[in-house]
Amino acid sequence: MIVDEIHAVAGNKRGSHLAITLERLGHILEAPPQRIGLSATQRPIETVARLLVGAGSDRSDEDGSPRCAIVDVGHQRELDLALQLPDEELEAVPSAEQMSQILDLIAEHVKEHRTTLVFVNTRRMAERVAHQLGERLGEDQVAAHHGSLSKERRQRVESRLRAGDLRALVATASLELGIDIGPVELVCQIGSPRSFATFLQRVGRSNHTRSGTPSGRLFPTSRDELVECAALLRGVRAGRLDAIIQPVGPL
């Protein structure tokens, strides 16, 4: 039983549901399945291991740690990261002119790369940014991808991206995990991603090969986001990750 991107469920009730499902699966099989969990952004790793292994005296070693092999090869990679700002000083909310400047900067990046992913934090923002980038680059060169779109439309967009028909794709969290979306050379993030794991997963979509260097650009839109993004970059370079806090005894 392989649970890929286990960090994505470890901190919420989907992880609790998964734990129950794994127990039910083990109950109906003649022999319990081997459990394998994978993630590039999990901390603390022992907590995630416990979620995968389950509870009970037969699931723990004498020191109380989960009875399993933990293979920790580290999460740090060489990254090409930078923070970019509009010309005018950021305020509490972005002005229309500042947003236009940010989109102009992103459009220039798109022109310099074969394929660019642009991440935003809301579905409404994804549609708006896709439209405004389309005005700068050509409507047939940019598309939006988010959870409110039909499965068929999302698959069409992903197919166009893989085929090289799209220069830029504006997405929400719907594309931050390991989906096969073809060669992406650069990731742009508008606004603060609000966590190390989210940012690393999103930037990790670019140059996604063993020898590739993930490349990302952060575009804060307000003073608060500037502080968050600066702290985020400092933390990423120091090798920090968010601690996963699991639900305790969810019903």
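The values are calculated or read from the model by the stated rules, or taken from the named source; none is laboratory data. Please read these numbers as outputs of a predicted model, since none were measured by experiment. Because the Cβ atoms are built from the backbone with ideal geometry, glycine has one as well, and the counts that use them run over all protein chains shown. Note: accessible area is taken over every heavy atom of the protein model, side chains too, but ligands, DNA and RNA are not part of it. Shrake-Rupley method; radii C 1.70, N 1.55, O 1.52, S 1.80 Å.
For this structure, a couple of remarks:
- Sole residue being of a type in the set (Ser, Thr, Tyr), open to solvent by less than 50 Å² (accessible area, probe 1.4 Å), more than 16 Å from VAL73 (Cα to Cα) and touching a residue at least 12 places away in the same chain (Cβ under 8 Å), chosen from THR41, THR47: THR47
- Number of residues in the range 142-157 that are modelled with pLDDT of 95 or more and farther than 11 Å from VAL170 by Cα equals 0.
- Positions within the range 128-158 being of a type outside the set (Lys, Arg) and open to solvent by 70 Å² or more (accessible area, probe 1.4 Å), in sequence order: HIS131, GLU135, GLU139, ASP140, SER148, GLU152, GLN155
- Residue list for the range 193-232, filter: open to solvent by 10 Å² or more (accessible area, probe 1.4 Å), in contact with a strand residue (DSSP E or B) (Cβ under 6 Å, 6 or more places away or on another chain) and closer than 19 Å to ASN121 by Cβ: ARG202, ARG205, ARG217
- So ILE36, is it over 30 Å from LEU218 (Cα atoms), open to solvent by less than 80 Å² (accessible area, probe 1.4 Å), at pLDDT 95 or above and within 22 Å of the chain's Cα centre (by Cα): yes
- Extreme residue, surrounded by the fewest Cβ atoms within 10 Å (Cβ to Cβ), among residues of the range 93-111 that are part of a loop (DSSP other than H, G, I, E, B) and in contact (Cβ under 8 Å) with a residue 60 or more places away in the chain: VAL93
- Some residue of the range 113-120 being free of Cβ contacts under 8 Å to residues at least 60 places away in the same chain and at negative phi: no
- Residue count for the range 50-68, restricted to those that are small (Gly, Ala, Ser), open to solvent by 70 Å² or more (accessible area, probe 1.4 Å) and not in a loop (DSSP other than H, G, I, E, B): 1
- Taking the range 163-212 as the range and being among the basic types (Lys, Arg) and either modelled with pLDDT under 85 or under 18 Å from GLU108 (Cα atoms) (or both) as the test, the residues that pass are ARG167, ARG210.
- Qualifying residue in the range 160-178 (condition: within 16 Å of the chain's Cα centre (by Cα) and among the charged types (D, E, K, R)): yes
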